[in-house]
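Quick notes on the structure that follows.
The values are calculated or read from the model by the stated rules, or taken from the named source; none is laboratory data. Just so we're clear, the structure is a prediction, and the values are computed from it rather than from any experiment. Cβ coordinates were reconstructed from backbone atoms using ideal geometry, including for glycine residues, and neighbour counts include every protein chain displayed. Areas reflect the complete protein model, heavy atoms only, side chains present, ligands, DNA and RNA absent. Shrake-Rupley method; radii C 1.70, N 1.55, O 1.52, S 1.80 Å.
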Amino acid sequence: MGAYNTIAFKPEHCDGCNACMTACATAKAGSADILNSRIQIVADGDSFELAMCRQCGDPKCVANCPAAALAKDAGDGVIAWDGSKCVNCLLCTVGCAFGGIVYNAAAGHVVKCDSCGGDPACVKACDRGALNYLTTANIYNEVGDLEDLFVPGLAGCQGCNTELIMRHALRRIGPDTVLATPPGCIPGMGSVGYNGLTGTKVPVFHPLLTNTASMLTGVKRHYKRQGREVNAVALAGDGGASDVGFQSLSGAAERGEQILFICVDNEGYMNTGMQRSSCTPFGAWTSTTPVGERGHGKTQDAKNMPLLMMMHNCEYVATASTAFMEDLYDKLDKAIAASKRGFAYLHIYSPCTTGWRFPSQENIEVARKAVETNFVMLWEFNPRDGLRLSRPLDDALPIDAYLEVLGKYRHLEPEQVAHIEGTVKKNAGFIRSLAEGRHPAMAQAVSGRA
Amino acid sequence: MSAVLKPKSKAIVCDGNEAAAWAVTLARVDMVAVYPITPQSSLVEYLAKFVADGKLNAEIVDVEGEHSVLSVLHGGVLAGARAYTGTCGPGLAFMFEPYLRTPGMRMPLVMSIVTRDTLTPQSVWGGHQDAMSVREVGWIQMYCETVQEVLDTTIMAYKVSEHRDVMLPVNVCHDGNYLSYGATRVELPTQEEVDAFLPPPSVNWHAALDPSRPMAVDPLTGGAGGPGPSLFVRYRKGQCSGMQHALAAIEAAHEDWARIVGRRHAPLVESYRMDDAEVALVTLGSMTGAGKDAVDEARDRGERVGLVKVKTYRPFPVQAVARALSGVKAVGVVDRSVSFGWNCGPLYQDVIAALQFAAQRPAAMSFIGGLAGADITTDHFGRVIERTQALARDGQVGETVWLNEKD
């Protein structure tokens with residue numbers, strides 16, 4: 001069974017305006033009477049609840065129907081109602097726990113949501129962002145057919161975002177690959193294996209923490225000399241990329257080596273016990289920037305790795321987040337293509353449940369909040385078109401919405417929060433000016449060096 | 001050593017750095033990674049020029065430092081390339097992290113060390129301290145006496161390095177200043193001769209990064225439980241065996257070289273006028289020429305003096321050294337570097353340890369000279385001979401003698 005697109009509801013953004021129901025009733029019944037709407041927003045004290053068909057994977061309505069009038073479409077996942085077969089027994093409404101299929105007096109039979117063929121009227125009518133049509137399903141379906149090139153049971157922490165990034169990335173890149181995983185969480189969870197056993201189905205190796213891009217240079221250059229098409233790929237942590245590995249990374253980027261370098265940024269040395277790296281943000285607790293009578297977390301801002309790589313005039317540079325998978329896959333595809341021509345650098349933010357101190361089930365939500373507050377900005381760069389924003393930086397959520405969900409910021413004083421807020425605003429302004437082509441640095445990066 | 005000029009071979013005049021570049025060219029090296037450092041710089045310039053001129057058909061990678069030089073070659077070798085580079089002194093120090101890893105990965109490659117004294121005091125001149133500082137890392141080390149030896153040894157090093165019973169990296173050491181810049185007549189073997197001597201590369205049959213035969217290269221190995229401890233011992237013991245197999249492989253390579261190219265060098269140690277010698281000098285590298293002259297002068301005076309040149313320093317040819325020195329009364333070992341822990345020269349330490357296996361164990365003394373580019377002249381060697389003759393008479397081993405102390 002594949003994954004399906006779905007309509008998602010965020011009650012905290014809903015104000016009960018009924019616009020969605022009006023739109024649905026108009027689209028489906030030709031009247032504005034919300035009683036005819038297939039989506040029902042129901043007040044529940046101070047909040048709202050959604051009564052609508054979830055297009056379940058194991059639908060009780062379909063199981064209950066004695067006349068085979070309901071059927072789930074294997075292609076788009078929508079449960080369709082066939083009026084020519086329906087006997088009006090209403091057993092389907094008894095089966096549904098979501099109020100997703102109900103008797104409609106005007107129509108004289110049950111009605112339910114059909115997702116408007118993939119372009120739902122309700123979502124278009126909601127201008128508060130309470131309803132979203134999530135369309136990442138096609139990615140999962142497409143990628144689901146590709147082989148997972150890591151073995152099952154890598155020993156990542158529960159809820160690890162990095163493991164998701166690894167599996168998604170390598171599936172897409174494919175088996176004609178040599179993979180470098182410098183010391184850190186990625187080999188630490190077993191991708192290069194232990195005592196003669198491997199965790200990866202493609203050639204994989206431990207470079208030194210310092211020389212990932214250089215070793216890949218040698219691999220790639222020799223295969224090019226032999227006329228063989230082999231992807232040279234790094235899955236490196238931020239420590240191996242931004243600190244001790246930066247020299248070799250910078251050298252390979254300057255030379256335009258045909259390498260895809262993916263930096264999985266969990267903002268520190270999480271594998272070795274959560275020490276600070278130069279990608280650790282200001283104020284963050286780490287085991288080497290501890291909190292005590294005098295210590296209040298890291299006292300410097302994070303090094304902006306993707307911008308530094310952009311200034312190398314790489315063939316492609318982008319930032320990505322697992323909370324925005326369509327965007328991530330789009331960038332992954334572009335990065336893979338760019339790495340056949342030159343150096344491609346993909347910087348993917350990877351919230352760490354263990355090191356950042358938040359419940360493991362909230363990982364994607366943390367990643368999403370980082371982006372929605374502009375703490376993390378999604379953009380891409382190539383030397384021909386310059387920098388392009390992947391989503392607008394306007395209307396960012398207040399920074400508190402991100403900081404308050406992470407244990408590593410629990411100790412922050414108001415002035416530290418103000419500093420972070422200032423840095424985020426400054427960074428957003430800078431990125432925006434680059435995107436608009438106003439910054440002189442942009443002109444330099446686009447035109448290349450003399 | 002006898003030079004047999006064959007009609008096919010070509011004589012050129014060049015220095016040691018150019019000779020090494022010719023060797024790399026003739027050995028059909030696939031990949032060269034370079035970063036300049038005195039006194040190696042002209043070597044990489046020659047390589048770049050040879051590539052630019054179409055003489056050397058190799059992938060040349062100009063990287064941002066020595067650490068990446070060797071790291072690039074690691075990747076190249078794991079993909080199947082015959083690889084080469086050269087460095088020295090601070091460059092070797094900066095390279096140390098991948099350098100340390102190379103022999104354990106059983107990676108055959110050749111790297112010239114254009115020997116240079118180490119910092120500090122700040123110095124850019126010759127001395128063996130750089131190469132000696134890495135003598136226990138697991139690389140094979142060979143020291144050259146002449147520019148011709150630089151060329152021949154560098155090509156032979158590939159045959160040793162890629163020998164299936166060896167599979168270890170080789171440092172060909174040639175002295176900064178004296179050999180790097182000293183130009184002499186050199187006979188260039190023909191490509192046909194070198195092709196007959198050296199088979200195509202086979203460097204990654206055991207450990208490869210190749211999608212057609214996927215494997216994990218260098219997973220975590222060891223620990224206190226499971227298969228870890230015995231597996232780790234197997235790797236370490238295998239590395240030591242490879243090192244010992246190198247002794248025979250080096251002798252065989254020299255034999256093949258003499259047969260095909262017509263030039264014979266001593267593979268492990270060279271004994272010079274050692275018949276009936278009572279006193280022996282032990283030397284390493286380019287100083288040997290002055291040492292031999294001093295021995296000739298002493299022989300002219302009727303003194304029974306000989307010289308043993310150590311050509312292969314790692315693995316240390318224990319039996320060959322013991323055999324060569326067995327029977328003399330005293331030995332004077334001349335080093336161009338220092339063992340800080342023992343207040344003597346490192347070659348001296350090796351020699352006195354090897355003498356444990358000599359049938360008759362002579363007394364031995366340490367002499368240190370030629371640091372940071374200083375010359376070791378026949379006069380210096382004359383003093384070494386005098387002091388060693390005194391040792392032969394009274395058996396009193398004195399303090400280490402610093403030859404250039406009063407220059």
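Figures for the structure shown
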| item | result |
| --- | --- |
| Sparse-neighbourhood loop sites, GluC sites (Glu not before Pro) in region A:118-224 - DSSP loop, at most 16 other Cβ within 10 angstrom | A:Glu147 |
| Max mean-square fluctuation residue, GNM over chain B, Cα-Cα springs under 10 Å, options B:Val233, B:Val13, B:Val186 | B:Val233 |
| 0 to 90° range, to nearest 10: angle between helix A:363-372 axis and chain A longest Cα axis | 80 degrees |
| Charge dipole (region B:269-402, unit charges on Cβ, about Cα centre) - positive-most of B:Val333, B:Val401, B:Ala354 | B:Ala354 |
| Within the accessible area of the protein assembly as shown (1.4 Å probe), percent carbon and sulfur | 53 percent |
| Calculated FRET efficiency for the pair B:Lys55/A:Thr299, C-beta based, R₀ 51 Å, to 0.05 | 0.35 |
| Longest exposed-site-free window of chain B, the sites being trypsin sites (Lys or Arg not before Pro) in a DSSP loop that have at most 15 other C-beta atoms within 10 Å | B:165-300 |
| Using a Förster distance of 25 Å, the FRET efficiency for A:Gln361-A:Ala337 (Cβ separation, nearest 0.05) | 0.10 |
| Size of the B/A contact, given as accessible area buried on both chains, probe 1.4 Å, in Å² | 3000 Å² |
| Rounded to the nearest 20 debye, dipole of the protein assembly as shown from Cβ charges on Lys, Arg, Asp, Glu | 1200 debye |
| Assigned charges on the beta-carbon of Lys, Arg, Asp, Glu; chain A dipole about Cα centre (debye) | 1260 debye |
| Prolate/oblate/rounded label for region B:60-106 (Cα gyration tensor, a/c 1.5) | oblate |
| Unit charges at the beta carbon, dipole of chain B: most positive-side option, B:Gly345, B:Met167, B:Ser9 | B:Met167 |
| Degrees separating the helix B:378-394 axis from the principal Cα axis of chain B, which is the longest one | 60 degrees |
| Surface accessible to a 1.4 Å probe, per residue, for the residues of region A:284-328, Å² | 40 Å² |
| Alpha-carbon radius of gyration plus Dmax, which is the widest Cα pair, for the protein assembly as shown in Å | 35.6, 129 |
| Pairwise centroid distance, computed over Cα atoms, of region B:326-392 with region A:4-30, Å | 93 Å |
| Selected from A:Ala107, A:Ala137, A:Ala320 as most flexible by GNM, with chain A as the system and alpha-carbon contacts under 10 Å | A:Ala107 |
| Shielded residues, region A:247-267 - accessible-area loss of 40 Å² or more between chain alone and all protein chains, probe 1.4 Å | A:Gln247, A:Arg255 |
| Qualifying trypsin sites (Lys or Arg not before Pro) in region A:217-319, DSSP loop, other Cβ atoms within 10 Å at most 12 | A:Arg294 |
| Top positive-direction residue, dipole computed over the protein assembly as shown with Cβ charges, set B:Met156, A:Asn18, A:Ser360 | B:Met156 |
| Considering only the protein assembly as shown, percent of DSSP beta bridges that pair antiparallel, nearest 5 | 40 percent |
| Solvent-accessible area lost in complex, 10 Å² minimum, residues of region A:180-203 relative to chain alone, 1.4 Å | A:Val192, A:Gly193, A:Tyr194, A:Asn195, A:Gly196, A:Thr198, A:Lys201, A:Pro203 |
| Calculated [θ] (222 nm, deg cm²/dmol) that DSSP helices of n ≥ 4 give over chain A, each run adding -39,500 (n - 2.57) | -9000 deg cm²/dmol |
| With Cα atoms, 0 to 90° folded angle of helix A:19-29 axis to chain A main axis | 50 degrees |
| Buried on assembly, region A:219-241 (at least 30 Å² less accessible surface than by itself, 1.4 Å probe) | A:Val219, A:Arg221, A:His222, A:Tyr223, A:Arg225, A:Arg228 |
| Neighbour net charge for A:Val424 - beta-carbon separation under 13 angstrom, K R +1, D E -1 | 0 |
| Chain B, accessible area per residue, ligands and nucleic acids excluded (1.4 Å, Å²) | 38 Å² |
| GNM flexibility winner over chain A from A:Ala97, A:Ala367, A:Ala344 (Cα, springs under 10 Å) | A:Ala97 |
| Where labels lie 7 Å past Cα in the beta-carbon direction, separation of A:Asp148 and B:Asp300 in nm | 8.3 nm |
| Residues of region A:130-239: accessible area per residue with a 1.4 Å probe, Å² | 34 Å² |
| Student exercise, region A:88-161 dipole from Lys, Arg, Asp, Glu Cβ charges, in Debye to nearest 20 | 460 debye |
| Helical contribution to [θ] at 222 nm, DSSP H n ≥ 4, -39,500 (n - 2.57), averaged over chain B, rounded to 500 | -12000 deg cm²/dmol |
| Shape call, region A:148-447: gyration tensor on alpha carbons, a/c limit 1.5 | oblate |
| Cα centroid of region A:347-414 to Cα centroid of region B:10-75, whole Å | 47 Å |
| Global geometry of region B:269-402, whether rounded, prolate or oblate, following the gyration tensor of its Cα atoms and the 1.5 cut on a/c | rounded |
